[in-house]
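Some notes on the structure that comes next.
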Amino acid sequence: MAAKKTTRVDEKTDVSKSKAKREARRKQVEKERRQKRVSRTTGILVTTVLVLAFAALVGRQLYIMAIRTTPHRDFSAGLTADGKIENADMKSAVTLADYKNITIPEDEVAATAEEVEGEIDSMLSSYKELKTDGDLVIADGDEVNIDYVGTVDGVEFEGGNSGGAGSDLVIGSGSFVDDFEQQLIGHKPGEEVTVEVTFPEDYNEELGGKDASFAVTIHGIQKVPELTDEFVAENLAETEGVSTAEEYRAQVENEFRAGHVEEYITEYVVENSVINTYPKKYLKAAKSLLKYSDNNGEDIDDEIAYEKELTQRAKEEVKEAMVYQAVFEDAGLSFDVQAYFDEMAGESGEEYVDSLKENYGEAYLAQNEMRQAVIEYLTGLYE
């Protein structure tokens, strides 16, 4: 009878330990392989991201280079000698608004009281006279003419002497330091007044916070005339063709209304006309001119956004030019370019005309004259 094979407990333990070590080693090897795979994959991903980022950057730069506008100052670029846009058929490029049947809302074009009074006040101010009557008394709001010499501790300071040239000052305007102006109230032309002031602490390094004394000579008070029939007859009858204050006021109102009508009509025609196609060459020239006026496009944070905005602005300007030209041609208008330059030379001299031609070009000047002819035509339809 064969003897049974027996396994000692310590042998089983040795086998288990060996197996555990092999399993641990296997797991470690697998872990290292996995880490290598992950590292390799991560490297590929990083490289891919970098390549794509670089490609995007290069692509963006190439795109910017492709759309970037070159600035120039050629106002006449893209125009013919008679001021029209080169190679552009306005009949097909523009669908014109019905410019002959515009309803003008009176409440939008009537002169406002503020406009009329402002114009009259401005005109009257140009006729103001310096009154030296010793019975006149300076009041708040008066415009006075004075000379002054300022001193600090008895010593004159720079900028504190009017030099005898006479200086106009509106009382209450706050033009002079501290309460200088208020101290003149109640005084009269011909008087010499001592005005004491204190400069603000932050005035300047030399005078800040110091007390000063001004020796002031009051020459007179500027008086603005009133709009009366007598004033109009004496000063405006010949130049303005009016004889009464009422006639002059009505004339001012009519002038403002005419300006508002012109603005309303021209804006209406441009806004309600449709551009079917933009002339590429002229649009490009308009963008270049706008970029030049934008200081050559310096300090741009986002060139792509800037170019989009530049294109929109250029289209607005080109649309206006196209609509004016379309009306000019549709209405059968015309003008003599040379006669226009000759008339301008007769009014302002040849040197002036030559200067305009040099700065803007004859084509651009002709375009402006064409525009003026259209404006006169349109407003004439509604007189």
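If Thr311 satisfies all but one of (1) more than 29 Å from the chain's Cα centre (by Cα); (2) over 30 Å from Leu124 (Cβ atoms), what's the number of the condition it fails?
Going through the list (1) more than 29 Å from the chain's Cα centre (by Cα); (2) over 30 Å from Leu124 (Cβ atoms), Thr311 breaks only (1).
Cβ contacts < 6 Å: first residue closer than 10 Å to Lys131 by Cβ, restricted to the range 217-231; second residue of a type outside the set (Asp, Glu) and open to solvent by 40 Å² or more (accessible area, probe 1.4 Å), any location; separation 6+ or different chain. Result?
Partner pairs satisfying both residue conditions: Gly220/Leu130; Gly220/Lys131; Gly220/Thr132; Ile221/Lys131; Ile221/Leu136; Gln222/Lys128; Gln222/Leu130; Lys223/Lys131.
In the range 77-96, how many residues are in contact with a Phe, Trp or Tyr (Cβ under 7 Å, 6 or more places away or on another chain) and more than 15 Å from Lys280 (Cα to Cα)?
Qualifying residue count, the range 77-96: 0.
Condition (residue is over 30 Å from Ile185 (Cα atoms), modelled with pLDDT of 95 or more and over 33 Å from the mean Cα position of the chain (by Cα)) applied to the range 259-280: is it met by at least one residue?
No, there is no match, as no residue in the range 259-280 is over 30 Å from Ile185 (Cα atoms), modelled with pLDDT of 95 or more and over 33 Å from the mean Cα position of the chain (by Cα).
Filter the range 230-249 for residues that are part of a helix (DSSP H, G or I) and surrounded by 14 or more Cβ atoms within 10 Å (Cβ to Cβ) and give the result.
The answer is Phe231, Val232, Ala233, Asn235, Ala237, Glu240, Ala245, Glu247, Tyr248, Arg249.
Search the range 290-307 for residues that are charged (D, E, K, R) and pair each with any residue that is assigned to a helix (DSSP H, G or I) when their beta-carbon atoms are under 6 Å apart and the residues are at least 6 apart or on different chains.
Taking only residues 6 or more apart or on different chains, the pairs are Lys291/Gly297; Glu303/Ile64; Glu307/Ile67.
Filter the helices (runs of 4 or more DSSP H) completely within the range 318-383 down to those with at least 3 residues that are among the hydrophobic types (A, V, I, L, M, F, W, C) and surrounded by 16 or more Cβ atoms within 10 Å (Cβ to Cβ).
It comes to 337-348, 362-380.
Tell me, yes or no, whether the range 99-119 has at least one residue that is in a loop (DSSP other than H, G, I, E, B) and of a type in the set (Asp, Glu).
No; the residues of the range 99-119 include none that is in a loop (DSSP other than H, G, I, E, B) and of a type in the set (Asp, Glu).
The values are calculated or read from the model by the stated rules, or taken from the named source; none is laboratory data. Only a predicted model underlies this, so the values are computations on that prediction, with no experimental measurement involved. As a convention, Cβ positions derive from the backbone with ideal geometry for all residues, glycine included, and neighbour counts pool all protein chains shown. Just so you know, the surface numbers come from the protein's heavy atoms only, side chains and all, with ligands and any DNA or RNA stripped out. Shrake-Rupley method; radii C 1.70, N 1.55, O 1.52, S 1.80 Å.
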